[in-house]
1. What's the total number of residues in region 1-26 that are part of a helix (DSSP H, G or I) and closer than 26 Å to LEU84 by Cβ?
2. Just give me the residues in region 27-51 being assigned to a helix (DSSP H, G or I), out of contact with any Lys or Arg (no Cβ under 7 Å at 6 or more places or on another chain) and either among the hydroxyl-bearing types (Ser, Thr, Tyr) or surrounded by fewer than 11 Cβ atoms within 10 Å (Cβ to Cβ) (or both), in sequence order.
3. Can you pull out the residues in region 1-53 that are among the aromatic types (Phe, Trp, Tyr) and in contact (Cβ under 8 Å) with a residue 24 or more places away in the chain?
4. Scanning region 13-33 for residues that are of a type outside the set (Val, Ile, Thr) and under 19 Å from the mean Cα position of the chain (by Cα), which turns out nearest to LEU44 (Cα to Cα)?
5. Return the residues of region 52-68 that are in a helix (DSSP H, G or I) and of a type in the set (Ser, Thr, Tyr); say none if nothing qualifies.
6. For residues that are surrounded by fewer than 12 Cβ atoms within 10 Å (Cβ to Cβ) and within 21 Å of THR51 (Cα to Cα), tally how many sit in region 63-80.
7. What number goes with the only condition from (1) more than 13 Å from the chain's Cα centre (by Cα); (2) at pLDDT 85 or above that LYS76 does not pass?
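The values are calculated or read from the model by the stated rules, or taken from the named source; none is laboratory data. Just so you know, these numbers come straight off a predicted model, no measurement behind them. Positions of Cβ are generated from backbone atoms using ideal geometry, with glycine treated the same way; all protein chains shown enter the neighbour counts.
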Amino acid sequence: MNQFVFEKHQKSTFIGMMILGVICMVLTFVGDDAFHTRFWSNFLHNSVYFTGIAFGALFVLSASLLAYGGWHTIFKRVWEAYSLF
């Protein structure tokens, strides 16, 4: 069975990007007004955007399976990965 393994350089790059994202969120939260409107609006837009992508992929996957379409077998893992979000 083939299993993808991240190299050390890739792991450190991804961890650095996650830390940068958390730092940017904290800076937005701290530097915002009293109700933190910019932070919560950014968080809401991000959540709705990626949840919409996941639901769209789940819809395409389920529609192709219900219609017994054979073309989805090539992209099946891509749609499943999107819908796992």
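1. Step one: of region 1-26, the residues part of a helix (DSSP H, G or I) are 8-26.
With closer than 26 Å to LEU84 by Cβ added as a condition, the list becomes 8-22, 24-25.
So the count comes out to 17.
2. Taking region 27-51 first, the residues assigned to a helix (DSSP H, G or I) are 27-30, 37-51.
So of that shortlist, the ones also out of contact with any Lys or Arg (no Cβ under 7 Å at 6 or more places or on another chain) come out as 27, 29-30, 37-51.
Across region 27-51, the qualifying residues are VAL30, THR37, SER41, LEU44, HIS45, SER47, VAL48, TYR49, THR51.
3. Initially, region 1-53 is screened for residues among the aromatic types (Phe, Trp, Tyr), giving 4, 6, 14, 29, 35, 39-40, 43, 49-50.
PHE50 - this is the single residue of region 1-53 that is among the aromatic types (Phe, Trp, Tyr) and in contact (Cβ under 8 Å) with a residue 24 or more places away in the chain.
4. Start the filter on region 13-33 by keeping residues that are of a type outside the set (Val, Ile, Thr), which leaves 14, 16-18, 20-21, 24-25, 27, 29, 31-33.
Among the residues that remain, those that are also under 19 Å from the mean Cα position of the chain (by Cα) are: 14, 16-18, 20-21, 24-25.
Details: PHE14: 23, GLY16: 24, MET17: 21, MET18: 19, LEU20: 19, GLY21: 16, CYS24: 16, MET25: 13 Å.
Ranking the candidates gives MET25 first.
5. Filtering region 52-68 for residues in a helix (DSSP H, G or I) gives 52-66.
Scanning region 52-68 gives SER62, SER64.
6. In the first step, residues of region 63-80 are kept if they are surrounded by fewer than 12 Cβ atoms within 10 Å (Cβ to Cβ); the result is 63, 66-71, 73-74, 77.
Okay, now just the ones that are also within 21 Å of THR51 (Cα to Cα), so 63, 77.
Going through region 63-80 one residue at a time, the tally reaches 2.
7. Single failed check for LYS76: (2).
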